[in-house]
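Data block below; observations after.
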Amino acid sequence: MKNEKKPSVCNCLNLRRASAAITKLYDEKLEPSGLTISQFSILKHIKLLGPVSVSNLAITIRLDRTTLVRNLKPLEAASFIIDVSQKGTRDRQLQLTEKGIKKLVVAEYLWIEAQNYIEQRIGKENIEKLTSLLFEIEQL
């Protein structure tokens, strides 16, 4: 008997399944860059906001600080980001390195491919509806 996928009666489970599926898709598309979608998003936000404190980055991304710090470690180890805060200050200020900027450029093309793939599969109008619905759900 073939395992047929069906939606659950539980809204939470349906959203979690969809989130896992979309994360997997982005991670697969970004794989040639060596980044995950989470890492890509963090680098992109640091580029837009940088230099930026860890606290402000967490607020902007809407990710708890502990999870963000855990995700920053491999990016720092790979020398994609650097702390540019003044010596003696407790609040780290993150900025992309030259290596991080180059990595982001490569990954951005792959991210655009993922975006286009999803839009082609689901349709632009449905993506707009989905985005609106997800924003409403986030406000609950």
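The values are calculated or read from the model by the stated rules, or taken from the named source; none is laboratory data. These numbers come from a predicted model, not from an experiment. Here the Cβ is made from the backbone with ideal geometry for all residues, glycine too, and neighbour counts use every protein chain on show. Heads up: the accessible areas ignore ligands, DNA and RNA and are worked out on the full protein's heavy atoms, side chains in. Shrake-Rupley method; radii C 1.70, N 1.55, O 1.52, S 1.80 Å.
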Quiz prompt | Under-5 Å amide H pairs with Arg92, H placed in peptide plane, nonlocal only | solution = Val54
Quiz item: Which net charge results for the neighbourhood of Ser8, defined as the other residues with beta-carbon distances under 14 angstrom from its beta-carbon, given Lys and Arg at +1 and Asp and Glu at -1?
Solution: +3
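Once every DSSP H run of n ≥ 4 in the chain is given -39500 (n - 2.57) and the sum is divided by its residues, what mean residue ellipticity at 222 nm do you get, rounded to the nearest 500 deg cm²/dmol? Write down the numbers at each step before the final one.
Details: 6 runs with 94 residues, N = 140.
Here the helix-only value at 222 nm equals -22000 deg cm²/dmol.
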Quiz prompt | Translational diffusion of the chain, µm² s⁻¹ [Kirkwood Rh, Cα pairs; Stokes-Einstein; 25 °C; 0.890 mPa s] | solution = 145 µm²/s
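Counting only protein heavy atoms and using a 1.4 Å probe, what share of the accessible area of the chain belongs to carbon plus sulfur, as a whole percent? Display every interim value, and only then the final one.
Details: 5670 of 10270 Å².
Within the chain, the accessible surface is 55 percent carbon and sulfur.
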Self-check item: Charge dipole of the chain about the Cα centre (unit charges at C-beta), most positive-ward option of Gly123, Cys10, Ser41
Solution: Cys10
Practice problem: Determine the per residue accessible area of the chain with all protein chains present and a 1.4 angstrom probe, expressed in square angstrom. | Solution: 73 Å²
